[in-house]
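Have a look at the structure below before the remarks.
The values are calculated or read from the model by the stated rules, or taken from the named source; none is laboratory data. The model shown is predicted, which means the values in this text are computed figures rather than measured ones. Cβ placement follows ideal geometry from the backbone for every residue including glycine, while neighbour counts extend to all protein chains displayed.
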Amino acid sequence: MNAWIPFRTLFVKEVVRFLKVWRHTILAPILTSFLYLVVFGEALSKHLPVYEGVSYTAFIIPGLIMMTVLQNSFANTASSFLQSKIAGHLVFVLLPAIPGPALAAAYIGASFVRASLAGIGLYAACAFWATPPVHSAAILFAFAFSGAAIMASLGLITALWAEKYDQMGAVMNFVVMPLTFLSGVFYSVESLPPFWRKLSLWNPFFYLVDGFRQGFFGRGATDAAVSLAVVLLTACAATAAAVLLVSRGWKIRS
C-alpha cells in the first residue's frame, strides 16, 4: 500500500481539525504564555539574577516559547487520538490498514504544525514587550524540533494507553506541566542552591529549555552540543516507541 496518500490525508485532516478551533488550540496558549510574561516579567524583573546584559523579560521569553511548544505538541496528539478512541470513529482510520509509521507520522506531523504556529505566534506577541536576539537559528530549530517530537510521541503513547480523559489529564497535569514549570522557564538554574541545581539536571525538560535559550543568547547552564545529543536521542527513542506501539495496535486492536 502506498503510504504517502493515507499519510497526507490523515495529516491534512488533523491540521484542519485543530485549525477549526484555532481560538482554543492556537490563540489560547499564546495568550496564556503572554500573560505569564507580563505578570512574571514585571513582578520578578528586579529580584531574579539572569545573564549579564540580558533583561529578565527577554530571558524568560525563550523558556515560555519552549514551554508552549512542548505542551501543545503533547496536547495535540493526546487529545485527538484519545477523542477518536472514545468517540468510536478511530475505526475509520484503522479499517484502511494504514501502515503504522504513516499513521504515527501524520499525528506527530500535525503536532509540529500546531506547536510551530503557537510558538511563532507567541514570539510575535512577545516582540511588543521584548525581543531577545537570535544567536543561532540552527540551535533554535534543533531543540524546538526535538522537543516537539518527544512530546508529540509521548502524547500519542499516552492516548494509546489511556481509556478516558481523566487519565490523559492526569499525565498532563501531574507530569508534563510540573516538569515544564520546573525546567528553568522562569529562572536560571545557576541561581539555585547546589542541591536544587543538581536536582534540575534530572529534569529532561531542563535540557530542552536551556538549549533553546542558548539559541537566543549563546550561553546557558550546560554545553549545547551535549544537551542536543541527549534530546535528539530521546526524540528518536520516543518516536520509535510511538511508531512501534501504533504499528502493533497496542490497546486499539484486539
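Anything in region 158-187 that is among the polar types (S, T, N, Q) and assigned to a loop (DSSP other than H, G, I, E, B)? List them, or say none. Steps first, please.
In the first step, residues of region 158-187 are kept if they are among the polar types (S, T, N, Q); the result is 158, 167, 173, 180, 183.
Matches in region 158-187: SER183 only.
The helices (runs of 4 or more DSSP H) falling completely within region 55-150 that include 1 or more residues that are in contact with a helix residue (DSSP H, G or I) (Cβ under 7 Å, 6 or more places away or on another chain) and within 18 Å of PHE40 (Cβ to Cβ) map to 56-87, 100-126.
Looking for something among the charged types (D, E, K, R), buried (at least 19 other Cβ atoms within 10 Å of the Cβ) and closer than 20 Å to ILE139 by Cα - is there at least one such residue anywhere in region 213-221? So far as region 213-221 goes, yes, one or more of its residues are among the charged types (D, E, K, R), buried (at least 19 other Cβ atoms within 10 Å of the Cβ) and closer than 20 Å to ILE139 by Cα.
The C-beta contact set for region 228-254 (first residue more than 16 Å from ALA102 (Cα to Cα) and in contact (Cβ under 8 Å) with a residue 60 or more places away in the chain, second residue surrounded by fewer than 17 Cβ atoms within 10 Å (Cβ to Cβ) and charged (D, E, K, R), distance under 9 angstrom, 6+ apart or interchain) comprises LYS251/GLU163.
When PHE18, PHE34, PHE59 are checked against the criterion of being at pLDDT below 90, crowded, with 18+ Cβ neighbours inside 10 Å and at negative phi, PHE59 stands alone in meeting it. Within region 188-215, if we keep just the residues that are under 22 Å from ALA148 (Cα atoms) and part of a loop (DSSP other than H, G, I, E, B), the residue that is modelled with the lowest pLDDT turns out to be LEU201.
Could you run through region 112-138 and say how many residues are closer than 23 Å to VAL226 by Cα and either of a type outside the set (Val, Ile, Thr) or at pLDDT 95 or above (or both)? Total satisfying the criteria: 5.
Please work out which residue is surrounded by the fewest Cβ atoms within 10 Å (Cβ to Cβ), limiting yourself to region 100-114 and to residues that are farther than 15 Å from ASN2 by Cα and not hydrophobic (A, V, I, L, M, F, W, C). The residue in question is GLY109. Residues in region 158-189 that are of a type in the set (Phe, Trp, Tyr) and either in contact with a strand residue (DSSP E or B) (Cβ under 8 Å, 6 or more places away or on another chain) or surrounded by 13 or more Cβ atoms within 10 Å (Cβ to Cβ) (or both): TRP161, TYR165, PHE181, PHE186, TYR187. Pairing residues of region 17-46 that are farther than 14 Å from VAL185 by Cα with residues that are surrounded by fewer than 18 Cβ atoms within 10 Å (Cβ to Cβ) and of a type in the set (A, V, I, L, M), at Cβ distances under 7 Å and at least 6 apart in sequence or on separate chains, gives ILE30/ALA125.
For ARG219, are the conditions met, namely being of a type in the set (D, E, K, R) and farther than 28 Å from LEU103 by Cβ? Full working, then the answer.
Working: of a type in the set (D, E, K, R): yes; farther than 28 Å from LEU103 by Cβ: yes.
The answer is yes for ARG219.
Among the residues of region 193-202, are any more than 14 Å from the chain's Cα centre (by Cα), within 21 Å of SER116 (Cβ to Cβ) and among the basic types (Lys, Arg)? Scanning region 193-202, I find no residue that is more than 14 Å from the chain's Cα centre (by Cα), within 21 Å of SER116 (Cβ to Cβ) and among the basic types (Lys, Arg), so the answer is no.
When region 190-212 is limited to residues that are among the small types (Gly, Ala, Ser) and closer than 30 Å to ALA159 by Cβ, the one that is surrounded by the most Cβ atoms within 10 Å (Cβ to Cβ) turns out to be GLY211.
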